[in-house]
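**Q** Sharing a structure here in structure tokens format.
Read-outs: derived from the displayed coordinates by stated rules, not from any lab. Note that the structure is predicted; figures quoted are calculated from it, not measured. Backbone-built Cβ (ideal geometry, glycine too); neighbour counts: all protein chains shown.
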Amino acid sequence: MSKTSIDRLKRLLETEKSLLLSGNLAGVADLTEEKEALTKSLENGGPSDLLPLAAQLQENGRLMAAAKTGVAQVLETLRQQRAARASLSTYDRHGTATHIGAVREGTSRRF
């Protein structure tokens, strides 16, 4: 393991953090191969060599988890919007729910 590899990984983690903060998840994915290669080159390192990277790795992990949560929330919002377009729920004066389905566009035959 070399100091150069540790420095390269530190820079890569800084780049990853910047991409996560800007919301560029595609850019984060592009770093995966290089990150894996650098990580493999550090496998023989001792804990004292890798300790400086721990804080960066934890911070990026936290940001990655937040990004995952954000994407899940967006997907749920889109699902709800699609469902709202597909049907309409109303209530009559007695509080009984009535569901009205959306008219599906398609071929209609008129005679």
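**Q** Which order results if 99, 94 are arranged by neighbouring Cβ count within 10 Å, fewest first?
**A** 94, 99
**Q** Binning at 10 Å from 0, report for the chain what percent of all alpha-carbon pair distances ends up in each bin.
**A** All Cα pairs, binned at 10 Å, distribute as 11, 27, 18, 12, 12, 11, 7, 2, 0 percent.
**Q** Considering the chain as a Gaussian network with a 10 Å cut-off on Cα pairs, which listed residue, 68, 40, 17, attains the greatest mean-square fluctuation?
**A** 40
**Q** Given a 10 angstrom Cα cut-off, can you work out which residue in 97, 72, 83 is the most mobile in a GNM of the chain?
**A** In the Gaussian network model the winner is 97.
**Q** Another question, if that's okay. What residue among 31, 72, 47 has its Cα farthest toward the positive end of the dipole of the chain, where the charges are +1 on Lys, Arg and -1 on Asp, Glu, each on the Cβ?
**A** 72
**Q** Please tell me the relative contact order of segment 21-111 in percent, rounded to the nearest whole number, where contacts are Cα pairs under 8 Å and at least six residues apart.
**A** 15 percent
**Q** Follow-up. What angle do you read, to the nearest 10 degrees and between 0 and 90, between the alpha-carbon axis of helix 47-86 and the longest principal axis of the chain?
**A** The angle comes out near 10 degrees.
**Q** Please work out the C-alpha center-to-center distance from segment 58-93 to segment 1-50 and express it in whole Å.
**A** After rounding, the separation between the Cα centres reads 31 Å.
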